[in-house]
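*Asks:* Before I ask anything, here is the structure I am working with.
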Amino acid sequence: MAGQVAGVFWAAMAVTLFAGFVKGAIGFAMPMIMISAFSSFLPPELALAGLILPTVVANLGQAFRQGWQAALVSCRAYWRMITATVVFIVISAQFVRVIPQDLFLFCLGLPITLFALVQLAGRSLALNLHHRNRAEWAFGMVGGLYGGISGVWGPPVLVFLLSVGADKREMVRVQGVIFLIGAVVLTTAHLQSGVLNARTLPFSMALILPSVLGMVAGQWVQDRLDQQRFRWWTLVLLVLTGANLMRRAIM
């Protein structure tokens with residue numbers, strides 16, 4: 001029994017190390033990897049609790065990697081999307097028991113997958129800068145609406161950043177800022193809900209170390225990826241993210 005528990009713990013550590021590596025290299029997908037893998041060998045509540053603190057720490061490192069001034073510049077540059085995302089997460093969370101989550105997940109996953117596949121095929125879907133402000137509000141609203149219902153708000157943010165041609169450092173930093181805000185909200189909510197408690201908190205804290213080690217290794221890779229290759233890997237992971245959302249909706 002003790003050996004089985006130890007095996008589960010080290011499996012969680014290994015998953016977190018890999019998820020941190022992907023997060024460090026590309027800037028997203030860490031919670032998706034962790035919850036997908038954890039759900040196969042951990043109880044749902046422990047799986048969710050486990051990813052919360054590593055996600056907060058990872059997003060802190062991602063948002064402030066170039067310093068607080070660079071993070072502040074990104075906040076100012078994308079304040080419309082950040083504001084819309086947070087406001088609509090709060091609004092849509094009130095309807096989580098009213099709107100079918102499966103329908104929302106499928107309707108989010110399908111267009112994201114199609115967008116990324118079209119981009120990988122070499123078609124440009126760049127936004128006209130004349131419409132950028134309105135698009136920023138719109139993508140923030142969409143991300144917030146889906147975030148409050150499903151807990152997933154990253155893909156619309158990433159689609160917008162790809163569409164306006166943000167360079168890799170800016171793209172990763174803006175994701176970090178927005179994801180950090182969401183992760184703090186999530187942590188607060190689950191301290192109140194009881195998901196994070198005296199039993200689950202030590203487990204989540206233990207997973208911080210492998211997440212940090214994985215991120216450091218991933219950031220080493222990110223620094224050596226040119227813009228084109230970084231964009232390609234981002235689109236590949238976006239396809240996998242969208243497909244995973246549709247899988248969750250159907251299964």
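Only the coordinates and a few stated rules stand behind these numbers; no lab work does. Please read these numbers as outputs of a predicted model, since none were measured by experiment. Note: ideal-geometry Cβ built from the backbone for every residue, glycine included; neighbour counts use all protein chains shown.
*Asks:* Of the labelled options [x] 61, 45, 35; [y] 48, 39, 38; [z] 48, 45, 37, which one gives Cα extents along the principal axes in Å as computed for this structure?
*Replies:* Of the listed options [x] 61, 45, 35; [y] 48, 39, 38; [z] 48, 45, 37, [x] comes from this structure.
*Asks:* Quick one: order LYS168, LYS23 by neighbouring beta-carbon count within 10 Å, fewest to most.
*Replies:* LYS168, LYS23
*Asks:* What's log10 of I(q)/I(0) for the range 183-251 at q = 0.12 Å⁻¹, Debye sum over Cα points only, no solvent?
*Replies:* Result of the Debye calculation: -0.59.
*Asks:* A further question on this structure: Of VAL86, PRO43, SER204, which is farthest towards the positive pole of the chain's charge dipole, taken about the Cα centre with +1 and -1 on the beta-carbons of Lys, Arg and Asp, Glu respectively?
*Replies:* About the Cα centre, the residue reaching furthest to the positive side is VAL86.
*Asks:* Stretched out fully, how many nm does the piece from TRP232 to VAL185 gain, at 0.36 nm a residue minus the Cα gap?
*Replies:* The TRP232-VAL185 span can extend by a further 13.8 nm.
*Asks:* Highest GNM mean-square fluctuation, the chain, Cα pairs closer than 10 Å: which of GLY24, GLY67, GLY50?
*Replies:* GLY67
*Asks:* I've got another one for you. Would you list VAL87, VAL57 from fewest to most Cβ contacts within 10 Å?
*Replies:* With the fewest neighbours first, VAL87, VAL57 line up as VAL87, VAL57.
*Asks:* Using 7 Å Cα-to-Cβ label points, what is the ARG199/ASP102 separation (nm, one decimal)?
*Replies:* 2.9 nm
*Asks:* List the chymotrypsin sites (Phe, Trp or Tyr not before Pro) within the range 17-97 that fall in a DSSP loop (any state other than H, G, I, E or B) and whose Cβ has at most 13 other Cβ atoms within 10 Å.
*Replies:* Those that pass, being in a loop and sparsely packed, are PHE41, PHE95.
*Asks:* While we're on this one: Near the amide H of LEU196, under 5 Å away, which other amide H atoms are found, from residues 5 or more places off or on another chain, if H is placed in the peptide plane?
*Replies:* For LEU196, whose amide H was placed from the backbone, the distant partners under 5 Å are LEU191.
*Asks:* If you don't mind, there's one more thing I want to ask. Please state, to two decimals, what the Cα-based radius of gyration of the range 135-251 comes to when divided by 2.2 N^0.38 Å (N = residues).
*Replies:* The reported ratio for this selection is 1.20.
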